[in-house]
Amino acid sequence: MALSVLLVILLILLNVNKVISQCPPSSGIYLRHSGNCYPNGSYFWDNSIRPTPLECVLPGATLNGGQWIGPNGVVPCDGGNNLNLQCTTGSGASLSVFINPPSFIQSSAGDGWYKCCLPTNCSDSNTNIIFANIFSFAQIESFFIADLPSDMTVYPQEYKLNCTKIGYTHYGISMSIGSIALASYTNCDDRSNSCFGTVLVSSTNILRYTVDITWDGMTVSSGSISQSATGDQMYQCVLENPSGANRTRNLTIKVPATAPSSLTEVNKTATTITVSWTALDSSDADGYVVNVTSDTDTVQTVQMEGSSNNTITLNGLRELSTYSITVRAYQQLLGPASTISVFTHCQQEGIYLAYNGNCYPNGSYFWDSSVNYITQNISCVLPGTSLTTGQWVRVADPDDPVDCNSNSPSDPFRCTNVTSPDATLNLYLAEGLSAAQEGWYKCCLPTDCSDPNTNIIFANIFRFAQIESFTVADLPSDMTVYPQEYKLNCVKTGHPYYDIRMSINSTTLASYTNCDNRNSNCHGTVLVSITNTVRYTVDITWDGMTIKNGLISRYTTGDQMYQCVVAVTNQPTRICPVTIKVPATAPSFLTEVNKTATTITVSWTALDSSDADGYVVNVTSDTDTVQTVQVKGSSNNTITLNGLSGGTTYSITVRAYQQLLGPTSTISVQTLLVINSINWTLVSSITQLNNTQYRIDCLTTTDINPSTDVYWLVNGLMKSNSMYTSIDVLTYNNTLLVYPDPLGVSVNVTCIAMIGGVNYSQSVIVHAPSGPPNNVKRFILNATSIKVNWTNSSETNGYVIEYTTGGVTRSVISTNVHEIVLSDLSPMSTYTISVYSYIHLPSVNSIVTVLRFDVPSPVFSLSVSNVSTTSITVNWTIPSSDNYVTYYTISYTPSCPQLLSVNETVSVGPRQSTTTYSYTLIGLYSGMNYTITVRAGNVLGGSDPSLVEEYTISTASTGVPNSLSLLQPINNLTWDDVNCSERNGLITGYSVIISNSSITYNLTSTERYIILNDLVFGTVYNISVAAVNSVGRGPFSDPIIVEIGIVPGPVGSVSSIMDTTWAIISWSVPSYIPSDYPIITYEIGYHTLWSGICLTVNYDDFNIEMLQFSNSTNGNTFINITGLDAVSCYLFGVRAYTVNGYGEWTVIANETLALQPQPSASNMSSSSVQSVISTSSTGYCSVSKYIDYYHFLHFMFVHFHSIYIQVVLYSSC
């Protein structure tokens, strides 16, 4: 049971909290939290299941018990708690756990793995079980390996350690192997991600920390940290909780602890090696990796699966080569290595040389210092034969073979032999080699060198240093690749101290001095270290004229003769030449023999076979290579080049070649044209617009059938060739008629001729302009003519003008200038004028302009804007675009009658770019109402006017009231209005300023007068008046100076005697008459009272505006007023007048009598006169307290001889 739980937990440890994509899943037990579904082994922070329970769900089942079991046993459901962890049941088969109260497990025993069993208890073996880890603070959710290599042949091996943390935001985390920390982070805070982990889920603080590992079979490396290791690699991730228990997770990677033992060469051939080893136990290895290298180059790597496989045959090797063979066992990673060195066999037949386990071919070099022991001999071997006699012979002395059994200064060698199974003679130096004895030796097997049927091989035995070989490598076999590149390889062997250089003639290509093979200071490639065999290489580029090596270049012709020189101090210099065969001259008389539209045949004078192995013909067009042909054989001097394009000029170059290319001969040849030309001709007039017709002529060679091999493309649309004629024996004229349909689209016509399966084409474009001309304008010149002009277009050859009236086209004309005059036109008509541009074809559309050949229509939408105190901007919409307008007349009339109207004329372009126009009237009067009219006009006259009214913005009045007058004694101040040009707006009132030596005060009036009631008699006042409008007050007038009381006071005791048509008004003199200002006269004013009761009127009914005036004479205090109407109520006012002005009115009211029959004259003396007497002393109508009968009777007797007076007193008038 413990083992099974351990296995389950191990599986859980490898899990990461992954959300199930299908939630809820259709089957199987699962965990659910916050709406997400989770698999077995997920981790849940206690903080996350405090507010939201963790659910365990089994779809489609009914709960029948079920349990949550944790470190402290069964979690109680629906009541009670297990260390504050509680369980609730849900619908179906579901159990939820949550923390209550909100503090988690109070002892570490509650932190850990919980399992949920559904639908029955965990004791039921058939129940469904799922695990969840509920933890406090932070936890390691997973610790696993990523990117472990599956291909074990890749070396070194790389993988990752991933440790994923979940939970609390503050922690420390580290990963290590043994005691070596690979990564360590302290004081981590997930809120700022201070430790730079990869955030996987921010809500639960899930972060992944990664360590990159490199394993080379012996050492674990991560960045600058390394740790040697053998066997299984055991890693640990530790998470430190500052306030809780630390979390530790271990991880092991399986690695073989030992290398395969007893690695042995089993067999080898010239191209194969078979090795075997002792297999490891299956618990220690899953397979093996075998690696084969030569020098430092990897030759092959083989992965063998299965721990029991312990033998391998390595194929595809080179003969006479040394290979290092390494075998490693692997599990999850590679283990330590076992290595052996194996040489491939020499050839299986034919004579060869062998030395120190290596095989050498004919002509090999051997340093005397390396063959001076019997165990360091040169073996001459003939496989599969038995030795009979055999010999080693110095080539310079063929008659004196080496004595194998003795040695001397003249014969310092000895030899041993093997008779069978392979005939072998082993040669070595028994004493020092003299200069006379060094050089070439030959070995003859199995018989003496005198036997013509013997097998012979040569070896060079030398003192100090020697040039083993000087060869040309990578000479090009494909002579069509140009420039040509190759290498010079000079191999030096022997003495370690030397100088070496390579040159061509006197030009050094590479030079190294004071070389020392022990420290490789000259940077050659070491081939065999024990014999100091080193290769030096020079890279050469040949362009046909110049040899280049890096910055070194040399011009040369003919064979290239190189030299390698090796020098050892105080010893003979070794010189080895090599020659590369290169033609010295170019093929002469390169000539065009024949050509067609697709072929060119050329010939040249062939070189001698000793000077050329063949030729390379290169064909280019412009800078592009079309084809390069290698012609083998020096006698081949003619070639036909096929697949060329008609009418194309080609540069044809011919070079002879041997090992390299020689100098060039070049000619230029153009292939024949398949299509000689294509042209177009205008058949009809351009004024026919979309009925214009064009003819396309395409001249082709007669080598084709024009009815089947020629066709047309017209703007991409294919058309057959139906019209053609023969011009001569070499040329067809193929014809196509085209129309510009639709109008304005350029017509791209392509003539295509096919020959030899290749299409040849020429095109012509009948161009249409991109659009009509710009800025078309029309002008009325006079009563019968219009001028039209427009802006020239650089892409236009001319213009077509069409004009219509009444829907009838009057004319279509063309011109190549940018204006035209249309004459003999009808007045009062509207003309539509269309202007097309054309190159070869007319434009796609025209600029259309419409013109009313008449005076303009009135402007409309007349309005004002930007109104200021002295200006108004007038805006209007111009008459419709068919109107011709050259000027506008703007008239504006001020509302002030003293000011005159103003007319202004504005000239405008006859074709305006906008539909609205604005004009600003300036110098206007402020606050003035203006009537503004606008007329449009042209040479034929002006339009009807359009009218608008507007006030300028008011400013304070600049004028002053004039003619100030104060009427005393009522103190009525009057004045004249401000001049209308200076009002600057509607006058809304007046401000009156009154001042004397002791006081100043202001009064206001909305009329042009004001009664000054509070003035003091005998006081002098300064009085000024200013006009007020909506903006403010204007300037005050010059003051008038008046003295109150200078005018007389009101008259007293006004009386009236009324008759039918006359009245006698009498009064007494005023109680106050200014001294020195006597009364000159009395003024009497009267008017009829049309409404009211005569006896109840008062002063307010006395209307000064209605008065009729009379004046008394000679200072009389009475007056007879006649011409009155009978039975009418009259108001009478009396006031005194001096030179200083009038006194106050005293008013009385009375009514005239009804008319009576006229008495006869005889009765006149006794007539009874009825009169109404009324008196007033207060200015109101009242009965006087007494009647001055004396004065009255005196008056009556003076004027009448005999009168009977009946006095009627009214108590109230």
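The values are calculated or read from the model by the stated rules, or taken from the named source; none is laboratory data. It should be emphasised that the depicted structure is a prediction, and the values quoted were computed from it without experimental measurement. Neighbour counts are summed over all protein chains in view; Cβ atoms, including those assigned to glycine, are modelled from backbone coordinates with ideal geometry. Accessible surface is based on the protein model in full, side chains and every heavy atom, while ligands, DNA and RNA are left aside. Shrake-Rupley method; radii C 1.70, N 1.55, O 1.52, S 1.80 Å.
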Positive-end residue of HIS523, SER957, ALA337, charge dipole of the chain with Cβ unit charges
ALA337
Considering only C-alpha atoms, what is the centroid distance from the range 133-186 to the range 404-477, in Å?
66 Å
Specify the angular offset, from 0 to 90 degrees and rounded to the nearest 10, of the alpha carbon long axis of helix 2-13 from the longest principal axis of the alpha carbons in the chain.
60 degrees
Which label marks the calculated value of Rg and Dmax of the Cα atoms in Å, given the options (i) 31.3, 109; (ii) 33.4, 109; (iii) 67.6, 222?
(iii)
State whether the range 465-580 is rounded, prolate or oblate according to the following rule on the C-alpha gyration tensor (a ≥ b ≥ c being the square roots of its eigenvalues): a/c under 1.5 gives rounded; otherwise a/b larger than b/c gives prolate, and the remaining case gives oblate.
prolate
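When the solvent-accessible surface of protein heavy atoms is calculated with a 1.4 angstrom probe, in what order do LYS254, LYS492 fall, highest first?
LYS254, LYS492
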Using a probe of 1.4 angstrom, how much of the accessible area of the range 774-853 is carbon and sulfur, in percent?
45 percent
Of the accessible area of the range 138-253, with the probe set at 1.4 angstrom, what percent is carbon plus sulfur?
48 percent
So, with points 7 Å from each Cα along the Cβ direction, the THR1096-LEU899 label distance in nm works out to 5.2 nm
With Rg from the Cα atoms and Rh as the Kirkwood inverse mean 1/r over Cα pairs, the range 114-215 has an Rg/Rh of 1.12
Can you bin the range 377-498 into rounded, prolate or oblate? Criterion: square roots of the alpha carbon gyration tensor eigenvalues sorted a ≥ b ≥ c, rounded for a/c under 1.5, prolate for a/b above b/c, oblate for the rest.
oblate
Relative contact order (%) - the range 1051-1152, alpha-carbon pairs under 8 angstrom, separation at least six:
39 percent
Can you give the accessible area of CYS116 in Å² (nearest 10), computed on protein heavy atoms with a 1.4 Å probe?
0 Å²
Relative contact order, percent, of the range 359-462 when contacts are C-alpha pairs under 8 Å separated by at least 6 residues?
36 percent
For the range 684-766, I need the span (max minus min coordinate) of the C-alpha atoms along each principal axis, in Å, sorted largest to smallest.
41, 25, 17
Peptides 577-583, 278-284: what's the order by average Cβ count within 10 Å, highest mean first?
577-583, 278-284
Roughly what angle does helix 1189-1199 make with the longest principal axis of the chain, taking Cα atoms, 0 to 90 degrees, to the nearest 10?
80 degrees
Normalising by the residue count of the chain, find the relative contact order in percent from Cα pairs under 8 Å and 6+ residues apart.
3 percent
Given 4 °C, 1.567 mPa s and a Kirkwood radius over Cα pairs, the Stokes-Einstein diffusion coefficient of the range 860-949 in µm²/s is 95 µm²/s
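Which value, in Å², gives the accessible area per residue of the chain when a 1.4 Å probe is used on the protein heavy atoms?
Numbers: 57710 Å² over 1213 residues.
Normalised by residue count, the accessible surface of the chain is 48 Å².
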In whole Å, what are the extents of the range 228-271 along the principal axes defined by its C-alpha atoms, from largest to smallest?
71, 19, 15
Hydrodynamic radius by Kirkwood, which averages 1/r over all alpha carbon pairs of the range 637-689, in angstrom:
15.5 Å
In straight Cα distance, which lysines are under 21 Å from LYS254, not counting same-chain residues fewer than 8 positions off?
LYS160
Proximal lysines relative to LYS787, as straight alpha-carbon distance under 28 Å, when same-chain residues fewer than 8 apart are discounted:
LYS777
Highest mean first, how do 878-888, 477-487 rank when packing is the count of other Cβ atoms within 10 Å averaged over residues?
878-888, 477-487
Report in % the part of the accessible area of the range 465-580 that belongs to carbon and sulfur, leaving out ligands and nucleic acids; probe 1.4 Å.
48 percent
Round to the nearest 10 and report in Å² the accessible area of GLU431, as given by a 1.4 Å probe over the protein chains' heavy atoms.
60 Å²
Which value, in debye to the nearest 20, gives the size of the charge dipole of the chain about its Cα centre, when Lys and Arg are +1 and Asp and Glu are -1 at the Cβ?
440 debye
